[in-house]
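Notes to accompany the following structure.
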Amino acid sequence: MKKFNIRKVLDGLTAASSSSSATAQPGTPRENDVIQETLQSEHFQLCKTVRHGFPYQPSSMAFDPVQKILAVGTQNGALRLFGRAGVECYCQHESGAAVIQLQFLINEGALVSALADDSIHLWNLRQKIPAILHSLKFNRERITYCHLPFQSKWLYIGTERGNIHIVNVESFTLSGYVIMWNKAIELSTKTHPGPVVHISDNPMDEGKLLIGFECGVVVLWDLKCKKADYRYNYDEAIHSVAWHHEGKQFVCSHSDGTLTTWNIRAQAKSAQIITPHGKQPKDGKKPEPCKPILKVEYKTTRAGDPFMILSGGLSYDTVGRRACLTVMHGKSTAVLEMDYPIVDFLTLCETPYPNDFQEPYAVVVLLEKDLVVIDLGQIGYPIFENPYPLTIHESPVTCCEYFVDCPAELIPALYSVGSRQKRQGYSKKEWPISGGNWGQGTQSYPEIIITGHADGSIKFWDASALMLQVLYKLKTAKVFERARSKEEKANTDIVEEDPFAIQTLSWCPESRMLCVAGVSAHVIIYRFSKQEITTEVVQLLEVRMQCEFSDGDSPDPGGDQTPTLPTPGASSSPQESEPPTQPSTGSNSSDGPRDNKPCLQVRSSPLKQSPGYQVELVIQLVWVSGEPPQPITSLAINSSYGLVVFGNSNGLAVVDYLQKTLLLNMGTSELYSPSDPYQRQPRSPRKTRQPSGDNPTKTSCMSRLSYLYSESVKKLRSSHLTTLDSNDGSNTSEDRCKSPTSGSTSPCNSDDERKQKFIEKVKFTSRRFSKTVANDFAKMSRKISLSSEQKPDLEEKFQRWRSLANKKRFCYMNEGKAAARMTQKGAVCRTKSGPNYYAKDNAFTRSRSSSVTSIDRESREAISSFHFCESFPRKTDSVVSPCLLVGTTQGTVMMVALSLPPPGDHRLQQPVGISSCGTLVTLKGGILTMALLDATGTLLPPSYEPWYDPNASDEEKEKSRRRRPASPPSTQEGQDSQFAVLCSEKQAKVVAMPSQTRIYKHNITESSFVLRADVVQMAGAYCIACFCANGHIMTLSLPSLRPLLDVNYLPLTDMRIARTFCFSNLGQALYLTSPTEIQRITYSQETCDNRQEMLSELFTPVETPEAPNKGFFKGLFGGGAQSLDREDLFGETGAGKASRSLAQHIPGPGGMEGMKGAASGIVGDLARARIALDERGQKLGELEDRTAAMMSSADSFSKHAHDMMLKYKDKKWYQL
């Protein structure tokens, strides 16, 4: 009797209930009977973890001088809080309105935010994830300014109408006390004073409130008497006001670049008027007006002159000058230029009390794209070294990769070479923003993020334990010459700006090999070394990738054709001298310099390479017959094989970077036949048709081999090709040497003029689209986003171009004879490939047979992904061998077999054999990712070579250069020992190897398409993680493809997310949420459960500094600070109730979230218990002291009472 398995039944029910279920191939046994899948739905949960980078579009800033915490608000309603290095927090207002002002409740663990939608919010910072406790929404007035005095619970709010309202921050209710604008200004004033731009109380008298109106009027308001004591008038508008700590003077900054100083008791005239950056006329006239001084701060010191710090105020004749911060100290004035416009600045002082000497020590300057902290205590005002990862956007991010659980020695190695790149001249003091505590997370695995940028730089980041720190920066542009002016720029550029932008990269953490593809169709291979070297000549390989035209549609352009050698397409390094017998491979004279020219000029002078990543080889695609090279769409490197493969819309190329030679240069359509790839050469679109075979044989323009090697190596290569030819036997050597356009005349060449017009039209369209793709990629990194609405427009343009090409087909091919015509006669119409806008077809009706014509295939099909592996290239194979899986944008997966020479000297001398094995499987949509599993469901990673220092001694190299075995050597006949996992934009499939039988299939989405898919490790098992354009994040089990997670997380709003979203192992993922910020998320239940412990704490118990002493004489004569009982003045008993229609109170969710945050995390519980015990012990000690004092006082009172009683006991009343 067969054993009943309830797990299989449940799996079947789950699959049946799914809208797009996984199906098994009929007649094939379910592999789940053999492989026990451990991943279940309860292992997955999606949540955000942490956000890194500079706050995008900052708008305001605040600092807690006791907790040492900095808060930054943005124009989209976000809050970023920073403490010590590694202590960061992100929270968001639901409305998304701009944050116009922030106010800390100093040392209280709370923050007040005022938004542009006239709402104020109270944030609780005593929990790891801050939450809103209260909100207040004003209905009739616009908020312009807020002020919260130190150690006060009453918040002053100025409005656009000129009124001032007062809010109790504990209950977030309005007071009935209101300062109306018409009561504050003089009765004789006929005009409205404008919005309130400043509110502050007198440092020495809390009962006096200084109110600044935009028109230039400043009022000193008496809160008790409810009247204006003094009014100060100036002709220019006010931007900010600052007090002297003694409360006898204040300074105003104005729109004409002046600073006015006022004594509070002299309202008639200002004590001083200065224009810091104005030119002083000799005749005593008023200085010329300057730009507005947006903010001024006035800080005093005990031992020296006060500091006056201001932003703005430059003269108007300094056109194009960068924003400046001016520091005036005594008689010296320092003007500090900033890289970006100044948003706000704050002066950090030793004391939080406004009525004491401030003792400033630093200035925090918030710029539009940077955060700078200036040291005021050192000569020259140096800046502090910023410990936060705020330089992600130093150049716009163009690509991103995420690696989790890397080799342990990798981060120290990168840090050691990166530490030498640090700038000098920073302040020697510690970073002043030092609040908070790190999280107590248990994650110990190393994580690395790699970002590619528009200027050609690559940054390696340490992302371990929810932190982010830059490790190393690589500048790829150093390899190329830079054009000094527009006139010197080569006319072969295909990108108007950012020609060095990184488009994609491939990195092997184990071997530390790095391969980078740029937007100018260049590929650079790097090795990691700890030693500095100087490269005299950069190794260069030029590759000519193109599409073919058949003899039926190739017109005769005139001119002589250049005979070339019948060798695989390759080019020679320009550093090598070419033989005089080798003619030029140019197309014709009409193309001029735009043929065989790369887009960038490689550096000709010696290149000094510091320790770190050093250039091994530069590969450049060249212009072909006036057409620019197509952008590279996919890239892969394998250190064990010594190969790099890259592809675009024309085809693919395989390069041996050990021998510095091109092994394969093939069009996409040519991979569909399993014949030898060397039998089919790339053909020029402008070749003259030869009616007979008597003329000299012609091959591709990309014909000559590199002369880097001796003739013996070439003989080895040619003999190896002969062996491959004899094995395949599909074409003879005579056929291989024939011109692709020679032989019989096509029946479709009747109208030469029409063909010529068509070809020129298609070539013009292709050129235009090619430049559009490259320029769009470079410009996309500089724009905020590319809206999702543009993508259908681009696809529509591409469809129109494709339909234009399909209208003119010159020959029809029967399905049975298509392959022969494609391989021998070349009677297929072929055009330049258009740009690669991955088509997202909802229906999949295209046949993958050879009846699909070449023009149809190449106009839409590009190489989308690669995967090196050790598998079974053919169904009949029983031994694994090196292979290359190739995926295309049409959903085809093809297998290419690799034949590697033995290791050692043979590997450097003998060529690598390559043969196409045809199509493995087809899927809907473009192929995104491919992987291999063994018979137990374990991932088979590509083989790699352990890292060795290329500049080390030969003995050390040999110790480490051992190729890693990737899989068992053989399999039994009739059994499948591997599973190929294939995922496209629409579906996923699992194919058994070597039988190539489909085992499982799952339709991921019908209405949308997948943007990113990766095979990742989770909880000791493997799954497929997918991110769709409709915002869904999904995971599928392996190998059965059961849906485990499907969450609607983030709709695709711009191309930045699609370009940077990436999954990694152990449930980690990230994407660029804004041009300056990286958002990290997790889809692991375990990580979500431990998130509270992993996050850092913002609030730490710190005692508030003691208030300054009044001194004997000040206390005796009342010269010290005067306090105010604000409760009696602003409370309901003294001021009454406020109008209910003025503002609406909204209770926040912070209370419940605060309780949840306080109740979670063992470490947090222990810390809170310890703090509570300390506070309780302290209070008990204070209570004991007070009790003892009361007992002593009671004893003394009893004694005095007893003495008085004895004294007057026997006396009569008249004796008293």
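The values are calculated or read from the model by the stated rules, or taken from the named source; none is laboratory data. Just so we're clear, the structure is a prediction, and the values are computed from it rather than from any experiment. Here the Cβ is made from the backbone with ideal geometry for all residues, glycine too, and neighbour counts use every protein chain on show. Accessible surface areas use protein heavy atoms only, side chains included; no ligands, DNA or RNA. Shrake-Rupley method; radii C 1.70, N 1.55, O 1.52, S 1.80 Å.
Would you mention how many residues in the range 288-308 are in a loop (DSSP other than H, G, I, E, B), touching a residue at least 24 places away in the same chain (Cβ under 8 Å) and not charged (D, E, K, R)?
6
I'm checking my understanding of the structure. Among residues of the range 386-402 that are assigned to a loop (DSSP other than H, G, I, E, B) and within 10 Å of the chain's Cα centre (by Cα), which one is farthest from Ala463 (Cα to Cα)?
So the first thing to find is which residues in the range 386-402 are assigned to a loop (DSSP other than H, G, I, E, B), and the list is 386-396.
Subset that is within 10 Å of the chain's Cα centre (by Cα): 392-393, 396.
Values: Ile392: 13, His393: 17, Pro396: 19 Å.
Among them, the one singled out is Pro396.
Those residues that are in a loop (DSSP other than H, G, I, E, B) and over 20 Å from Gln1092 (Cβ atoms), I need them from the range 47-85; list them, please.
Phe54, Pro55, Tyr56, Gln57, Pro65, Val66, Gln67, Lys68, Gln75, Asn76, Gly77, Ala85
Has the range 137-147 got any residue that is touching a residue at least 40 places away in the same chain (Cβ under 8 Å), of a type in the set (Asp, Glu) and assigned to a loop (DSSP other than H, G, I, E, B)?
yes
Name the one entry in Lys190, Lys128, Lys183 that is in contact (Cβ under 8 Å) with a residue 40 or more places away in the chain and over 23 Å from Lys208 (Cα atoms).
Lys128
What number of residues in the range 169-193 are buried (at least 19 other Cβ atoms within 10 Å of the Cβ) and out of contact with any Pro (no Cβ under 9 Å at 6 or more places or on another chain)?
6
Would you check which residues across the range 110-132 are part of a strand (DSSP E or B) and either touching a Pro at 6+ places or on another chain (Cβ under 8 Å) or more than 19 Å from Ala78 (Cβ to Cβ) (or both) and list them?
Leu111, Trp123, Asn124, Ala131, Ile132
Can you tell which of Gln996, Gln1079 is modelled with pLDDT of 95 or more and surrounded by fewer than 22 Cβ atoms within 10 Å (Cβ to Cβ)? Break it down stepwise before answering.
Values: Gln996 fails: modelled with pLDDT of 95 or more.
Result of the check over Gln996, Gln1079: Gln1079.
Please go through the range 243-287 and give me each residue that is hydrophobic (A, V, I, L, M, F, W, C) and touching a residue at least 60 places away in the same chain (Cβ under 8 Å), ordered by number. Before the answer, list the steps.
Taking the range 243-287 and keeping what is hydrophobic (A, V, I, L, M, F, W, C), we get 243, 250-252, 259, 262, 264, 266, 268, 271, 273-274.
Result: Trp243, Ile264.
Kindly indicate whether Val167 is closer than 25 Å to Gly1131 by Cβ, at pLDDT 90 or above and either assigned to a strand (DSSP E or B) or touching a Phe, Trp or Tyr at 6+ places or on another chain (Cβ under 8 Å) (or both).
On the way: closer than 25 Å to Gly1131 by Cβ: yes; at pLDDT 90 or above: yes; either assigned to a strand (DSSP E or B) or touching a Phe, Trp or Tyr at 6+ places or on another chain (Cβ under 8 Å) (or both): yes.
The answer is yes for Val167.
Looking only at the range 973-1015, count how many residues are on the phi > 0 side of the Ramachandran plot and in contact (Cβ under 8 Å) with a residue 12 or more places away in the chain. Even if it seems obvious, please write down each step before you answer.
Filtering the range 973-1015 for residues on the phi > 0 side of the Ramachandran plot gives 974, 996.
From what's left, in contact (Cβ under 8 Å) with a residue 12 or more places away in the chain: 996.
So the count comes out to 1.
Could you please let me know if Pro911 is touching a residue at least 24 places away in the same chain (Cβ under 8 Å), more than 30 Å from Val1016 (Cβ to Cβ), touching a His at 6+ places or on another chain (Cβ under 6 Å) and of a type outside the set (A, V, I, L, M)?
Yes; evaluated as a whole, the condition is true for this residue.
Among (1) under 30 Å from Ile164 (Cβ atoms); (2) modelled with pLDDT of 65 or more; (3) open to solvent by 40 Å² or more (accessible area, probe 1.4 Å), there is one condition Ala1138 misses while meeting the rest; what is its number?
Single failed check for Ala1138: (3).
Being buried (at least 18 other Cβ atoms within 10 Å of the Cβ) and in a loop (DSSP other than H, G, I, E, B) is the filter here; which residues of the range 360-385 pass it?
Lys369, Asp370, Leu376, Phe384
When the range 313-341 is examined, which residues are found to be within 33 Å of the chain's Cα centre (by Cα) and either modelled with pLDDT of 90 or more or open to solvent by less than 90 Å² (accessible area, probe 1.4 Å) (or both)?
First, the residues of the range 313-341 that are within 33 Å of the chain's Cα centre (by Cα): 320-325, 336-341.
Within the range 313-341, Gly320, Ala323, Cys324, Leu325, Leu336, Glu337, Met338, Asp339, Tyr340, Pro341 meet the criteria.
When the residues of the range 1082-1112 are narrowed to those that are among the aliphatic types (A, V, I, L, M) and closer than 19 Å to Gln440 by Cβ, which ends up modelled with the highest pLDDT?
Among them, the one singled out is Leu1098.
Do you know which residues across the range 464-478 are over 18 Å from the mean Cα position of the chain (by Cα) and crowded, with 22+ Cβ neighbours inside 10 Å?
Thr476 - this is the single residue of the range 464-478 that is over 18 Å from the mean Cα position of the chain (by Cα) and crowded, with 22+ Cβ neighbours inside 10 Å.
Only residues that are under 18 Å from Gln1085 (Cβ atoms) and open to solvent by 20 Å² or more (accessible area, probe 1.4 Å): list them for the range 1012-1031, please.
Gln1017, Ala1019, Gly1020, Tyr1022, listed by residue number.
For the range 209-260, enumerate the residues that are among the charged types (D, E, K, R) and farther than 16 Å from Gly158 by Cβ. Write out each step before concluding.
The initial filter retains those residues of the range 209-260 that are among the charged types (D, E, K, R), namely 214, 222, 224, 226-227, 229, 231, 235-236, 246, 248, 256.
Once the filter is applied, which keeps residues that are among the charged types (D, E, K, R) and farther than 16 Å from Gly158 by Cβ, the range 209-260 yields Asp222, Lys224, Lys226, Lys227, Asp229, Arg231, Asp235, Glu236, Glu246, Lys248, Asp256.
State which residue is nearest to Cys91 (Cα to Cα) when the search covers only the range 118-140 and only residues that are among the basic types (Lys, Arg) and in contact with a strand residue (DSSP E or B) (Cβ under 7 Å, 6 or more places away or on another chain).
Checked the range 118-140; the qualifying residue nearest to Cys91 (Cα to Cα) is Lys128.
Quick check on the range 82-95: of everything there that is under 19 Å from Phe54 (Cβ atoms) and of a type in the set (Gly, Ala, Ser), which residue is modelled with the lowest pLDDT?
The extreme case among them is Gly86.
Mind listing whichever residues of the range 392-422 are open to solvent by less than 60 Å² (accessible area, probe 1.4 Å) and of a type in the set (S, T, N, Q)?
Within the range 392-422, the subset open to solvent by less than 60 Å² (accessible area, probe 1.4 Å) is 392-393, 395-404, 406-407, 410-411, 413-414, 416-419.
Of everything in the range 392-422, those that are open to solvent by less than 60 Å² (accessible area, probe 1.4 Å) and of a type in the set (S, T, N, Q) turn out to be Ser395, Thr398, Ser416, Ser419.
Can we say Leu414 is part of a helix (DSSP H, G or I) and at pLDDT 95 or above?
Numbers: part of a helix (DSSP H, G or I): yes; at pLDDT 95 or above: yes.
So Leu414 passes the test.
Conditions tested, residue by residue: (1) in contact (Cβ under 8 Å) with a residue 12 or more places away in the chain; (2) touching an Asp or Glu at 6+ places or on another chain (Cβ under 8 Å).
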| residue | (1), (2) |
| --- | --- |
| Ile863 | yes, no |
| Phe868 | yes, no |
| Phe872 | yes, no |
| Ser881 | yes, yes |
| Met894 | yes, no |
| Pro902 | no, no |
| His906 | no, no |
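Select from the range 153-162 the residues that are in contact with a strand residue (DSSP E or B) (Cβ under 8 Å, 6 or more places away or on another chain) and surrounded by fewer than 19 Cβ atoms within 10 Å (Cβ to Cβ) and list them in ascending order.
Hits for the range 153-162 are Lys153, Glu160.
Do we have Phe1009 as touching a Gly at 6+ places or on another chain (Cβ under 7 Å), aromatic (Phe, Trp, Tyr) and buried (at least 22 other Cβ atoms within 10 Å of the Cβ) here?
Here the answer is yes, as Phe1009 does meet what is asked.
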